[in-house]
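Let me begin by presenting the structure, written as structure tokens, before commenting on it.
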Amino acid sequence: MTRPDLLDRLAVQTAERDRAALLRRARTIEHAEGPWLEIDGRRLLGFCSNDYLGLAQHPQLIAAFKRIADDEGVGSTAAHLVCGHRREHAMLEEALADWTGRERALLFSTGYAANLGALQALLGGVDGALCVQDKLNHACLIDGARLAGGELKRYPHADVEGAARQLASRAGAPALLATDGVFSMDGDVAPLAALAALAAREGATLMVDDAHGLGVLGAQGAGSVAAAGLGAADVPVLMATLGKALGCAGAFVAGSAALIEGLTQFARPHVYSTAMPPALAAAALAAVRLAREEDWRRGKLAALIARLRRGAAELGLPLMASTTAIQPLLLGDADAALAASQALEAQGLLVTAIRPPTVPVGQARLRITLSAAHEESHVDRLLAALERVGPTVRGR
Ligand SMILES: *Cc1c(COP(=O)(O)O)cnc(C)c1O
């Protein structure tokens with residue numbers, strides 16, 4: 001019996017990507033210290049982490065992690081519903097619910113799993129279900145809708161009219177409207193108030209993925225939804241991650257007690273996956289407290305963003321229209337983005353080139369991210385390096 005060989009097919013696809021000069025490769029970081037990263041024995045100043053508040057190496061997170069690891073060991077040893085749900089998880093869920101102004105929160109091991117779980121629990125097996133999403137939503141929201149079944153309809157980026165048309169095309173269908181709060185590759189904020197009004201008008205459920213907004217936007221860093229003046233009634237399904245501004249790993253969905261009860265029963269990535277290490281939950285709890293209390297981190301980040309944008313405008317650099325920590329420099333061509341990234345690396349800076357298929361063809365970019373761990377002198381160094389790289393970064 002002969003069949004097409006799956007490993008051969010994968011090798012062919014990889015070779016095609018290689019020929020298109022779009023192969024990806026992980027860089028091995030030998031040491032990380034604040035924004036500094038050591039690669040191949042060279043110290044590079046990084047502008048690509050999502051550690052927006054500079055908490056990943058905070059002594060209080062490390063102390064909390066160590067204390068629980070010393071007492072309880074490393075692994076949670078089981079899924080939450082078996083015997084993996086420790087006091088640290090329970091405390092973290094309570095703190096996240098309180099922070100986001102929701103009745104309850106439920107932990108997942110990653111943001112990817114949280115979105116798969118939430119969408120599958122909400123849409124799975126629902127007759128005629130419709131999921132309407134922004135075209136630039138994160139991959140795991142898209143994958144979640146596909147996994148759940150039902151119909152996925154996407155609307156042009158941030159186009160509320162487009163979303164309205166997609167909902168209207170299936171009047172009467174049970175519908176979830178899902179959007180990133182802050183778009184991960186563009187840094188712009190979704191038109192949340194208009195989307196909430198649309199969802200209310202259409203009887204659709206609104207879900208926001210606030211991976212890049214939590215900790216960064218809103219009073220006490222409560223996120224993009226709070227910053228838009230919206231509450232639990234407007235956005236009944238709120239998802240966010242612990243691996244970005246909170247400097248840890250993992251994620252949660254927050255909402256009504258009934259939503260969380262339903263997810264506990266039906267969100268398979270929660271039910272069938274090992275709970276995150278309790279030491280990690282303890283570190284995340286310390287991070288939540290710091291993120292809420294230390295407004296100066298958001299203030300410092302905002303000042304760095306303003307400094308970068310001012311400097312880039314003076315140099316005529318094509319920064320995209322973003323007010324968040326994600327400040328992409330749009331270069332268009334994938335080769336140009338890669339060349340610019342390499343030219344910056346030669347000057348001691350690490351700024352990752354983001355290329356298709358992560359972004360649309362013709363929209364390759366340097367995804368510059370800032371952190372409260374950066375100093376003004378770091379931003380100045382980045383601007384000086386970009387100026388030296390010159391025409392490559394003004395390629396469009
Ligand atoms: C990073 C990210 C995720 C995935 O979260 P992980 O915890 O890294 O799996 C989900 N949504 C958005 C918008 C993200 O940027």
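The values are calculated or read from the model by the stated rules, or taken from the named source; none is laboratory data. Small disclaimer: the values here were computed from a predicted structure and weren't measured. Because the Cβ atoms are built from the backbone with ideal geometry, glycine has one as well, and the counts that use them run over all protein chains shown. Areas reflect the complete protein model, heavy atoms only, side chains present, ligands, DNA and RNA absent. Shrake-Rupley method; radii C 1.70, N 1.55, O 1.52, S 1.80 Å.
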For the chain, set up a GNM with springs between Cα atoms under 10 Å and report which of 212, 157, 374 has the largest fluctuation. 157
For 161, 261, 151, give the ranking by accessible area with the largest first, probe 1.4 Å. 161, 261, 151
Got a sec to turn the phi values of the range 246-251 into Karplus ³J(HN,Hα) couplings, 6.51 cos²θ - 1.76 cosθ + 1.60 with θ = phi - 60°, whole Hz, x for Gly and Pro? 7, x, 10, 6, x, 6
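Report in % the part of the accessible area of the chain that belongs to carbon and sulfur, leaving out ligands and nucleic acids; probe 1.4 Å.
Within the chain, the accessible surface is 54 percent carbon and sulfur.
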Unit Cα scatterers, Debye sum, the range 218-354: log10 I(q)/I(0) for q = 0.12, 0.17, 0.18, 0.22 Å⁻¹: -0.73, -1.12, -1.17, -1.33
When the Cα centres of the range 206-245 and the range 63-80 are compared, how far apart do they sit, in Å? 28
Do the sum for the chain: with -39,500 (n - 2.57) for every DSSP H run of n ≥ 4, divided by all residues, what is the mean residue ellipticity at 222 nm, to the nearest 500 deg cm²/dmol? -13000 deg cm²/dmol
Ranking 65, 108 from most to least accessible area with a 1.4 Å probe gives 65, 108
Enumerate the amide H contacts of residue 154 below 5 Å, restricted to partners 5 or more residues apart or on another chain; note that Pro and chain-start residues carry no placed amide H. 133
DSSP loop trypsin sites (Lys or Arg not before Pro) in the range 99-149 with at most 14 other Cβ atoms within 10 Å of their Cβ, which ones? 135
Cross-link partners among lysines for residue 66, C-alpha distance below 29 Å, same-chain residues fewer than 8 apart left out? 244, 300
Using a Gaussian network model of the chain with C-alpha springs under 10 Å, which one of 344, 366, 238 is most mobile by mean-square fluctuation? 344
Most mobile listed residue (221, 187, 73) in the chain, GNM with C-alpha springs under 10 Å: 73
Find the relative contact order for the range 59-293 and round it to a whole percent, using C-alpha pairs within less than 8 Å whose residues are 6+ positions apart. 31
How much of residue 389 can a 1.4 Å solvent probe reach, expressed as accessible area in Å² and rounded to 10? 20
In whole Å, largest first, what are the principal axis extents of the Cα atoms in the range 59-293? 56, 35, 28
What order do 8, 186 take when sorted by accessible area (1.4 Å probe), most exposed first? 8, 186
Could you check the spin-label model distance between residue 388 and residue 87? Points 7 Å from the Cα along Cα→Cβ, value in nm. 5.4
Hey, what's the chain come to in accessible area per residue, 1.4 Å probe, Å²? 44
Which translational diffusion coefficient, to the nearest whole µm²/s, is obtained for the chain from the Stokes-Einstein equation, given a Kirkwood hydrodynamic radius over C-alpha pairs, 25 °C and 0.890 mPa s? 111
